[in-house]
Amino acid sequence: MHLLKDRGFQHPVASEITPQGLWLGRREWLQRTALAGSGLAAMASRDAMAQVTPPGRLAKLPGIKSGVAGAMVMDKATAYADVTGYNNFYEFGTDKADPARTAGSLKTRPWTVTVEGEVRKPGVFGIEDLLKLSPMEERIYRMRCVEGWSMVIPWIGYSLAELIKRVEPTGNAKFVQFVTLADKAQMPGVRSGVLDWPYVEGLRMDEAMHPLTLLAFGLYGEVMPNQNGAPVRLVTPWKYGFKSAKSIVKIRFVDKQPVSSWERANVQEYGFYSNVNPQVDHPRWSQASERRIGEDGLFAKKRPTLMFNGYEAQVGQLYAGMDLKKFY
Ligand SMILES: Nc1nc2c(c(=O)[nH]1)N[C@H]1C(S)=C(S)[C@@H](COP(=O)(O)O)O[C@H]1N2
Ligand SMILES: [Mo]
């Protein structure tokens, strides 16, 4: 998350990144073309071909186009190489390149998510059951990090509300807390003291129930890369990226506002709400504009940051009457 060193990061310019046809990796495309040329394609049906996982890429996880309002932004998606190579996942190190390098040690099977607290139907959900709980949707969201950069990511998942409805929150459930994995054996960053582990986050109940709040299991039509929070993470596109907790192991329904990791680390800089807001600056830098990863060549212009990251029409009413400077 820190911060100034990020400014000096030599990110590859757009021309160095192989553009990826939205759903087809270049390597996979080459492989298919090669197979077609050799006549092998005649032996395998098109569907069977689609199941093949090319080396270096992950298993397919298709989703139907989401019908949720605001779920498909028209911005150009950030290249797969950047989405999976420039990450914040401090359990695997604080450098943007660390998670891609070190998260191979994360074991994502078996995996369970415990749901507890103020619900009528608490339980332990196996990842295979979560994957089947509701139809997978493809959603293209902007993601704005509090550090001043952004991406556009095609996620695969379904609304967190689908899970919440099934566990039947009681009237005392006012907030939801997300607890993520903290295992020293698998996560080299957890041995360091940068944050108090486990990484925890929280949402108000109405935020958690909002249809844009996504329980994500994959991206770019494939299962979630470890460095992006496999096997299951949260995505709240109108909030700064750190609200989107990765590699979730517990979801707890509570009556009081829970403290989240970055709030605990520095409450002056990171509030509970952390809605993207170009008018409320971070104490150490402006939040008025952002650099879109992949557009950061020498002459690239910064983009103006949008209120609620461009999702104001969908989420603005959740904060009607609230002083957003006070509840930052
Ligand atoms: N468990 C955990 N979740 C986390 C983080 C983290 O360090 N640990 N970093 C957050 C931050 S600061 C951002 S910007 C996003 C980055 O998600 P991405 O790497 O998939 O783009 O994950 C968030 N979720
Ligand atoms: Mo972030």
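The values are calculated or read from the model by the stated rules, or taken from the named source; none is laboratory data. Model, not experiment: these values are computed from the prediction. Heads up, the Cβs are rebuilt from the backbone with ideal geometry, glycines too, and the neighbour counts pull from every protein chain shown. Accessible surface is based on the protein model in full, side chains and every heavy atom, while ligands, DNA and RNA are left aside. Shrake-Rupley method; radii C 1.70, N 1.55, O 1.52, S 1.80 Å.
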query = What does the highest-first list of 148-160, 189-201 look like by mean Cβ count within 10 Å?
reply = 148-160, 189-201
request  = Output ³J(HN,Hα) for the range 75-86: one whole-Hz value per residue in order, computed from phi by the Karplus curve 6.51 cos²θ - 1.76 cosθ + 1.60 with θ = phi - 60°, and x for Gly and Pro.
outcome  = 4, 5, 5, 5, 4, 3, 4, 7, 4, 9, x, 10
request  = Apply the Karplus parameterisation 6.51 cos²θ - 1.76 cosθ + 1.60, with θ equal to phi minus 60°, to every residue of the range 245-255 and state each ³J(HN,Hα) to the nearest whole Hz, in sequence, with x for glycine and proline.
outcome  = 5, 9, 6, 6, 10, 8, 10, 10, 9, 9, 9
request  = Just tell me which aspartates and glutamates come within less than 13 Å, Cα to Cα, of Lys76; anything on the same chain fewer than 8 places away is out.
outcome  = Glu295
query = Do any chymotrypsin sites (Phe, Trp or Tyr not before Pro) in the range 220-308 lie in a DSSP loop with no more than 13 other beta carbon atoms within 10 Å, and if so, which?
reply = Phe299
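Are any of the pairs Lys174/Lys302; Lys302/Lys325; Lys60/Lys165; Lys256/Lys302; Lys184/Lys302; Lys60/Lys250 more than 31 Å apart by Cα-Cα distance, and if so, which?
From the list (Lys174/Lys302; Lys302/Lys325; Lys60/Lys165; Lys256/Lys302; Lys184/Lys302; Lys60/Lys250), the Cα-Cα distance tops 31 Å for Lys174/Lys302; Lys256/Lys302; Lys184/Lys302.
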Anchor Lys96: lysines whose Cα lies under 19 Å away (excluding residues fewer than 8 positions away in-chain) = Lys5, Lys243, Lys246
note = Per the Kirkwood formula over distinct C-alpha pairs, the hydrodynamic radius of the range 189-328 in angstrom is 16.6 Å
task = Mind checking the range 217-324 for trypsin sites (Lys or Arg not before Pro) that DSSP puts in a loop (not H, G, I, E or B) and that have at most 12 other Cβ atoms within 10 Å?
result = Lys256, Arg284, Lys301
task = Figure the gain on full extension for Val267 and Lys301 (residue separation times 0.36 nm, minus the Cα-Cα span) and round it to one decimal in nm.
result = 9.1 nm
remark   = Ratio for the range 74-145, C-alpha Rg to 2.2 N^0.38 Å, reads 1.46
request  = Could you work out how far the C-alpha centroid of the range 227-287 sits from that of the range 170-184, in angstrom?
outcome  = 13 Å
request  = Quick one: which residues, 5+ away or cross-chain, put their amide H under 5 Å from the amide H of Trp111? H built at 1.01 Å from N.
outcome  = Ile127
task = With a 1.4 Å probe and every protein chain kept in, tell me what percent of the accessible surface of the range 103-148 is carbon plus sulfur.
result = 53 percent
message = What's the ranking of 85-91, 61-67 by average number of surrounding C-beta atoms within 10 Å, highest first?
response = 85-91, 61-67
message = Could you give each residue of the range 88-98 its phi-based ³J(HN,Hα) in whole Hz, using Karplus coefficients 6.51, -1.76, 1.60 with θ = phi - 60°, and x for Gly or Pro?
response = 10, 7, 4, 4, 10, x, 9, 7, 4, 8, 4
